[in-house]
Structures are given as structure tokens and as C-alpha cells.
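First comes the structure, then the notes that go with it.
The values are calculated or read from the model by the stated rules, or taken from the named source; none is laboratory data. No experiment lies behind these values; they were computed from the predicted model shown. Neighbour counts run over all protein chains shown; Cβ positions are idealised from the backbone, glycine included.
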Amino acid sequence: MKFKTRLFLFYITGLGLVAVLSAAYFINFEESRVRRTTEENLYIQAKLVAGKVIGEGLNNQPLINAVASEAARDIEARVTIVNAEGNVIGDSAEDPSKMDNHRDRPEIKEALLGELGTDRRLSKTIDRDLIYIAYPIKVGDQIIGVVRLAKDQKELNRFLFRLRLLIILSVLAVALFALFFGVVTIRHFTDPINELQRVAHSFAGGDLAERVRYFGRDELGDLGLAFNSMAQRLAESFAMLGAEKRKLEVILETLSDGILVIDRDLKVILTNTAADLIFGFGGGDVRGRPVMEVVLNHHLLDLIQEVNSSRQPKENELTLYYPRNRQLQVFIAPLKDETGNLTGSVTALRDLSQLRHLERVRQDFVGNVSHELRTPITSVKAMTETLLAGARNDEAMLVRYLNEINNESDRMNNLVNDLLDLAKLDAKVEINREPFDLVELFEEIQEGLALKGEQARDFAVNLPAEPLPQVFANRDRIKQVLINLLDNAFKYTSVEGQIRLSVWLEGNWVKIAVADTGIGIPQSELGRIFERFYRVDKARSRAGGGTGLGLAIVKHIVEGHGGRIEVESSLNKGSVFSFTLPVVKEG
Ligand code: ADP
């Protein structure tokens, strides 16, 4: 039941009780007062009649009867006078001789004992509700008779009825007044409580924008203000917490390290995208699932459990085999609440695979470079030593060795140039692009080849029928790509072979292909030929002045332009290297 209703019921019950009790009390009080006054008046009258009776003497019966009748007219009541034996000797309403002895009437009985007698009853003689009072007629101490007055109560009853009605109406009016004030007062107190309750419910439902709209200068008003400032503070705190949470989420998502948060029962609470990738969760929500089910590596699970029981952070390196081989550096820290109780753990996972791969690549690279340099240096040194040892005196030998030394120096020069090129490409310096005409570039390259005497091979350029749009690229770099590819094609194709440079349009790209009918590349090697220093036939490559870096540089440049390079080859039949370049967008 609502507080207001309860208060109202309580109040109305109290009010009703007070109203009924006070009405009853007043009615009772007033009624007995009125009756007492009536009786007292009647006694006074009776006393006067008694005085008259004593004056006249009881023996003169007609006279007494006359006294009774006269008194009855004045008093407006029936007057009866009886002697000490109870016989009626005078009556204002009936003939005394016909009346029976009145000694046994209760009021007369009392009066004959010397007291004031009273009774109220229905008169059998005249059939009315009457009040009887009897007054003893005393001469000295002796009771010689009784004066009895009988007054019709009709008037009195009517008066009392009106009195009662008046009292009831007054009490009712007061009660209604009190009810009105009560309701107003109850509402005065319960409205702010209802308002507080409404707003408290809104807060509980998460709506902190609600405000208490009661500003009374009392305790409830104070409470309302406290509510409002509490909501304000809460909203601010929530906003702050929300912002912190979002910040943390962004930090977590941008972290390259995988983060896995687990609760005390070893259930996953949170993972970031990096962790999802490492464990292969594949976007499926693993939150709430036991870590044992989702992380399939017992080394890691053991570590997590160790941290859980020791409550000490742990760091280790381990290999994950599923979903793919990864070398991981793992750091696990226990999570504790403010009282120091363990609530879970945070696992940070750094994927070392890439790092390890890079380390290996660097080591390989350094090894390769050293190896590539060592060969020409060793032969230059050997030849120089041979010359110094006396071979210089042999003219033919001297010329041959000097030529060899010159070749080796060229090779070293090529190698250093290619390395410098790669270093520049690795540094990802912005490529300066410009629109240029490919056909012009082809002509330029063709002229260069003619100068070098490469025309001995069957070499041709295939251009499309329609005019080609300009490409948007770094002209010098693309020239380098084409020279590298053509260089290879010439190098790995016999003199009888054919070499074709073709170009055509494919959407927003032009595709350029260098095809030869040379030695070809085994299928198994195709995937590796773009690696640095990778050569299918080392001796042949070196003999042709190759460094093993040409295709690596080509791939680097093409991809730097957003293009793709592909190779198709079959052993002893020939190879086709093709790559794409973006055309200049129109408009
Ligand atoms: P290199 O300086 O040795 O030519 P590249 O990086 O240009 O180095 O090429 C790598 C290897 O790919 C070469 O050693 C060769 O074995 C192979 N290769 C490249 N182009 C061709 C081709 N047109 N035909 C056959 N093999 C080729």
C-alpha cells in the first residue's frame, strides 16, 4: 500500500474515532445537563406545590385537587398529590377517587422515604413518555404526603434531538475541515516524497538526467538537492569512467601485443584483436568461456595457473603451434582488488615470429653480402698476388689478370650499386611520380640495347592498336625495372631465342610483359626468385654479371607503385615476367 494511502487511512481512522467519541461525549454531556436542569426545575415547582399543600392541609381534598389543577396549568405538567399512604388526594388530570393507590410507583416510593424521587416511563393512563418527579411533603421530620409532577417528554425529546443533530453536524463540520487540512498536509509531505521516489527510480533505471523538482526549504528539500547533486556527480563519474573505458578500449585495440584477461575462475573476460589473431578466435566471442577451452597450449595454461597460485607476475617465451606456429613472449600479471584479493590475471602476448624472421633475414642478408663480396675480393687478391709474385712480367698474363680484376671490380660495383638501390627503396623515400609515355620509354630502352649490341637476339616490342594512356610512375625507376627484366631475359636466353616486350591496357592499369624463350625457371623455384640474392643457377648468374638482387629491386619498385609483379615459366621453354602500373586518371 502506498505511503500516502496508509497515512490517509491512519489519519481518517483517527479523525473518525475522535469525531465519534467527541460527538458521543458532547451529546451525553449536553443531554444529561438538559435533563438535570429539567428535573431541577420540576423539583423547584414541586417544592412550591408542596408548600401550597402544607398551607392548605391534606384533609381538604377538593381544595388539594384544585391546587393540583391550578399548579398544573402554571407548570404545564400533570400534578398529582398523594398522602402518606399513597392514596391520591389531588390530580390535575383524573378524578382522584378513581385512581388506584400510588404507593408502589417508584418515584413515590423514594419520596415517601424522604428523598427526591425520579422515574421515566410510559404512562399507562395517558399513554405518553413521561418524566416523573416526586417531592416529599414534610411537616417537621414527618412525611405527610408527596407531590408528584409528570411532564410530557415530547418537547424535551424534540429539543434533545435537535441538540444531538446540532452537535453531530458541528462535529461533522469540524471533522470535514480537519479532513481537508489533513489531506492538504498529507499531500504537502507526501508529494515531495513521491517526487524523490520517482527520481530515485529513474536513477536506479540508469537515467541520471532526471532531477528532483521540489525546492522546499525543509529536510525534504535538502534531500532533493542532495539527490540532484548526487546524480550530477554520478553522471560526471560515469562519463569519466565511460571515457576512460573507451580510451582503454582504443589503447587495447591499437596494441600490437595480444591481451587476454581472465577472471579468478579462469574464464575469459576480455581479449583484443591482436590476441584473437594470435589464438585464432576468428572474431567469435570467447568472453565467458573457460580459458582451457579456447587456448590450446598447455605451457601457457600452466603459466597462467602458476601466476594464479603464486600471485606473482611471470615472463616466459613459448611456441604456439595452433592456429599457426608462433614464437611468443608472454608476460602474465595477477589482477588484485583493492584489498589484495586475486580477481584474475592479465596475459600480454608479443608475437616474436616476425622479429625472429627479420633477425634471420638480416643475418642471411649480412651473410649473403659478405659472401658475394668475398668471392670477387678473393679472386682480385689472388690475381694481384700472382702478378706481384712475378706473373706481371708475362705480358699476356698481365693483360688477362688486369681484365679479370676489372671484371671483378665491375661486379663489386654492380653489387654495391644494387645494395644502395635496395637500401634506398627500403628507406621508403617518397617516389617522385609523374605522368609519362611508356612507348617513348620503350624506344629509349631499345636504343640503349642497340648500342650495347643486344640486337643479335630476336627482340620486338608489341604495342596495342589503340593509343596507350600515360602511366603515373617514376620514369627512372620503371626504366630500371624494364632494363633488369630485359637484362635477365637476354642473359638467360640463347642467341637463337626470342624476346618480346608487350604492353596492353587492363582497366585503370597497363600491363607490361617481358617474355623470353630461354632456359626457364623450375616451378619449385618460382616462389623464391624475388628474394634477395636468390639465384637458380649461381654460376650462370655470376658469369652474366648478376648479383641476385635484380628481381628483388624490380618487385620492390613495382609494389612501391601499387602494382603487382607475376612470373610464369616452364623449364627450357621460357619465362614471362609481367607487372602492372597505374595509368593517369582522366579529369
Ligand atoms: P641475377 O642477378 O642473378 O639475374 P635476379 O634477381 O635478376 O638475379 O634473378 C634471380 C634469379 O632468377 C636468377 O639468378 C635466375 O636464376 C632467375 N631468373 C631471372 N630471370 C630469369 C629469366 N628470364 N629466365 C630464367 N631465369 C631467370
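Kindly establish whether residue 364 is within 21 Å of residue 268 (Cα to Cα) and either acidic (Asp, Glu) or part of a strand (DSSP E or B) (or both).
Values: within 21 Å of residue 268 (Cα to Cα): no; either acidic (Asp, Glu) or part of a strand (DSSP E or B) (or both): yes.
Taking the combined requirement at face value, the residue does not satisfy it.
When each of 236, 195, 210 is tested for being assigned to a helix (DSSP H, G or I), in contact with a helix residue (DSSP H, G or I) (Cβ under 8 Å, 6 or more places away or on another chain) and of a type in the set (Asp, Glu), the lone residue that passes is 195.
Pairs meeting the criteria (first residue in the stretch 68-94 and touching a residue at least 40 places away in the same chain (Cβ under 8 Å) and assigned to a loop (DSSP other than H, G, I, E, B), second residue surrounded by 24 or more Cβ atoms within 10 Å (Cβ to Cβ) and small (Gly, Ala, Ser), beta carbons under 8 Å, at least 6 apart or on different chains) are 77/150; 84/145. Whether any residue in the stretch 485-498 is crowded, with 17+ Cβ neighbours inside 10 Å, hydroxyl-bearing (Ser, Thr, Tyr), more than 9 Å from the ligand (Cβ to nearest atom) and at pLDDT 90 or above is what I want to check. Taking every residue of the stretch 485-498 in turn, none turns out to be crowded, with 17+ Cβ neighbours inside 10 Å, hydroxyl-bearing (Ser, Thr, Tyr), more than 9 Å from the ligand (Cβ to nearest atom) and at pLDDT 90 or above. Scanning the stretch 539-562 for residues that are farther than 16 Å from residue 418 by Cβ and without any contact (Cβ under 8 Å) to a residue 60 or more places away in the chain, we see that the one that is nearest to the ligand (Cβ to nearest atom) is 540. Applying a threshold of 6 Å to beta carbon distances and a minimum spacing of six or more residues, or different chains, the list of pairs starting in the stretch 482-497 at a residue that is in contact (Cβ under 8 Å) with a residue 12 or more places away in the chain and ending at one that is within 9 Å of the ligand (Cβ to nearest atom) and aromatic (Phe, Trp, Tyr) reads 485/577.
Quick one: count up the residues across the stretch 303-360 that are charged (D, E, K, R), in contact with a Phe, Trp or Tyr (Cβ under 9 Å, 6 or more places away or on another chain) and in contact (Cβ under 8 Å) with a residue 24 or more places away in the chain. Step through it out loud before you land on a result.
Filtering the stretch 303-360 down to residues charged (D, E, K, R) leaves 306, 311, 314-315, 317, 324, 326, 336-338, 350-351, 356, 359-360.
Add one more test, that the residue is in contact with a Phe, Trp or Tyr (Cβ under 9 Å, 6 or more places away or on another chain), and what stays is 314-315, 350.
Now restrict to residues that are in contact (Cβ under 8 Å) with a residue 24 or more places away in the chain: 350.
Final tally of qualifying residues: 1.
Scanning the stretch 563-583 for residues that are in a loop (DSSP other than H, G, I, E, B), within 11 Å of the ligand (Cβ to nearest atom) and not charged (D, E, K, R) returns 571, 572. Checking each residue of the stretch 254-263 against the condition of being among the hydroxyl-bearing types (Ser, Thr, Tyr) and surrounded by 17 or more Cβ atoms within 10 Å (Cβ to Cβ) gives no match. A residue that is under 20 Å from residue 438 (Cα atoms) and touching an Asp or Glu at 6+ places or on another chain (Cβ under 8 Å) can be found somewhere in the stretch 501-514.
Considering the stretch 519-532 alone, what residues qualify as being over 18 Å from residue 565 (Cβ atoms) and near the ligand (Cβ under 8 Å from one of its atoms)?
Keep residues of the stretch 519-532 that are over 18 Å from residue 565 (Cβ atoms), which gives 519, 522, 524.
Result: 519, single match.
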